[in-house]
1. Full-extension gain between Thr198 and Leu392, please, as 0.36 nm times their residue separation minus the C-alpha to C-alpha distance.
2. Quick one: if you stick a label point 7 Å off each Cα along the C-beta vector at Ala66 and Arg35, how many nm between them?
3. For a Förster distance of 22 Å, can you work out the FRET efficiency between the beta-carbons of Phe404 and Trp342, rounded to the nearest 0.05?
4. What full-extension length gain, to one decimal in nm, is calculated for Asn136 and Thr224 as 0.36 nm per residue of separation minus the Cα-Cα distance?
5. What FRET efficiency, computed as 1/(1 + (r/R0)^6) with R0 = 25 Å and r the Cβ-Cβ distance, is obtained for Arg250 and Phe106, rounded to the nearest 0.05?
6. Only residues of the range 367-387 count here: report those whose backbone N is under 19 Å from the spot 7 Å along Cα→Cβ of Arg243, or say none.
7. Please give the length that would be gained between Ala415 and Val94 if that part of the chain were fully extended, namely 0.36 nm times their separation in residues minus their C-alpha to C-alpha distance (nm, one decimal).
8. About the Cα centre, and with charges only on the beta carbon of Lys, Arg (+1) and Asp, Glu (-1), how big is the dipole of the range 186-343? Nearest 20 debye, please.
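What follows is calculated from the coordinates using simple rules that are stated; it is not laboratory data. Nothing here was measured: the structure is a model prediction, and the numbers come from that model. Positions of Cβ are generated from backbone atoms using ideal geometry, with glycine treated the same way; all protein chains shown enter the neighbour counts.
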Amino acid sequence: MSNPAQDFAADAPISQEAESPSLKETVRESLTVLRISQFRLVLLERLLSTSATGISSVALSFAVLAVTKSAAHPDGNAAAVSFVLAAQLAPMLVFTLVGGVLADRFRPQRVMMAANLSAAAGEGLAAVLMLSHAANTWNLLVAALLMGTGGALFYPSSQSLIPRLVPEDRMQGASSLSRLAQSSMLMLGAAVGGVLVTAFGPGEAMGLDAVLLLLGTFPLFRITVAALERTAEKAPGMLHELREGWIEVRSRTWLWAVIACYAAVLAGWFGGFSVLGPEVAKARLGGAGAWALIISCDGLGILLGGVAGLVYQVKRPMFVGTILTFAFALPPIVMGLGGPLWAISAVSVLAGFSGEYFMILWTVALTRHIPQDKLARVYSYDALGSLSASPLGSLVAGPAANAFGTRAVQLGAGAVIVGATGLTFMSSQVRHLRADAPVMSNLTAPLGEEPAPGFVAV
């Protein structure tokens, strides 16, 4: 068995002069993907829709806090935030698999357009409710359901679109640039959201969200990716297609192990950070502006992770990615320990960087190892599995904080993240999956066993 320290050294970015082109040449080569006009349209859509996501990440939570102020909860009710954010995540459990099948059956850009329209309807409804002073927890919950439905349909389609626009050898550059566009606008959107919520209110901020999402549909009209060819003999029903996607997932231990890991990681993250973070920011850090700063720092980390993904490649993507996942525990732990705003902001940068670099490695690994005609369905199982426990984490966090205290819940969330990541690292396939390995069709070794033939230890 190889030594973990040696493994990590072996998995240092492949950027040394003896092994790869210079940094300048690497960046220049990665940017050649911008010559593809339809890829540029995808980037424009990401800039618009992700800026709306950044604004919404601040506005929705503070809208709920604003309408739930009471003598018992002078800063707003964290339990109500739990319910609304859980409602935003819940459609992932229902519509993500449907979105994957639709993206493999039809033009993925058309599914993305429908998703943007659903999310815009939710943001617009929330804006009207807030501006008309008719908002309450329950109608904001309905608006959140519409937003979440859009997100559930959008993810598998958007992930399967880029591999059909760019060559395989340009996928890491394309994935990095796409995620750079998202991370930069997520950071900017969160900052703008904080300003809008502080200066005007959450209603105005969510109104801008709706407009940006509607604008994001227009670049998609000009993308001409056709639906995958399907003969009459190969037009099975939806259940059969879902089964095909599930076979792709279950046959690869590294794939389902990481998905299971992120189910726990994201439950802890959404509960300990996304739900309780705004309440902590309002109670002792300065309010919406402080929370916007924290979200913006997370966005800055995401931006830096995108730059790193553009430049650096690693030999064992899941080995490095799993180590980076430990960083998700830091923001809820530091916040739970009563850390100052600068410390929370600093670890948010690290968490954002780690999550983004992991996602680039993850996207390239799936594109490399999953057949293109099943890729959207695998992404739908990825989203479903990764987010399966997130609504529960969001639902439990608020009431648990009211019962046991915010500190205990945030520290517990950090412990869940660390524990789940440590268990995943036990998988030999996770540690040894190589970026340059040939595509394999059957990877069924259980957690902890030696890798299937084709994995080469460094």
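1. The Thr198-Leu392 span can extend by a further 66.9 nm.
2. Between Ala66 and Arg35, the label points sit 4.9 nm apart.
3. 0.20
4. Values: separation 88, 0.36 × 88 = 31.68 nm, distance 4.21 nm.
Going from the current span to full extension adds 27.5 nm.
5. It comes to 0.45.
6. 374-375, 377-378, 381
7. My answer for the length gained is 112.7 nm.
8. Approximately 380 debye in magnitude.
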